[in-house]
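What follows is one structure encoded as structure tokens, with my remarks underneath.
What follows is calculated from the coordinates using simple rules that are stated; it is not laboratory data. From a predicted model like this one, the values you see are computed outputs, not experimental measurements. For neighbour counting, all protein chains shown are included, and Cβ atoms are generated from backbone atoms with ideal geometry for every residue, glycine included.
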Amino acid sequence: MSKEPEGTGASRELPERWSVQQKTDVVLRLLRGEDLGELSREIQVPAHEIEEWRRVFIESGSAGLKRRGGDPAERELVRTRAKLGETMMKLELAEGLLEKRGYGEELKKLKRSQG
């Protein structure tokens, strides 16, 4: 790992791989007005790469603000999946009850005939 330049007064080591939180911190510094060139030299990451982090951060942030409560189609999908799960549980309970009441063989025949 490489260390920050001596002029920064910092002696912490730079990461070999940048986490999401570390990239976010760098982008926030940039958005607060720090100079891109200085920041690039300090953290030893090419300026174009930091610019890409900023672009992705801003685009994702904008998209998050556009979705009020999420996509309606996504909400409907989640609701439908929950309903399907509930229906499957009811079916399993009904099948168990039928088996307990002595209709197990008829149930098996019915299932085989349906596929």
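Assorted remarks:
- Phi-based couplings in Hz for region 79-96 (Karplus 6.51, -1.76, 1.60; Gly and Pro marked x): 4, 5, 4, 5, 5, 4, x, 4, 5, 5, 5, 4, 4, 4, 5, 5, 4, x
- Modelled label positions at residue 21 and residue 81, each set 7 Å beyond Cα in the direction of Cβ, lie 2.8 nm from each other.
- Computed over region 72-114, Kirkwood Rh from alpha-carbon pairs, angstrom: 12.0 Å
- Filtered trypsin sites (Lys or Arg not before Pro), region 17-62: DSSP coil and at most 11 other beta carbons within 10 Å: 17, 32
- Distant-in-sequence amide contacts of residue 18, defined by a placed amide H-H separation under 5 Å and a gap of 5 or more residues or a different chain, comprise nothing.
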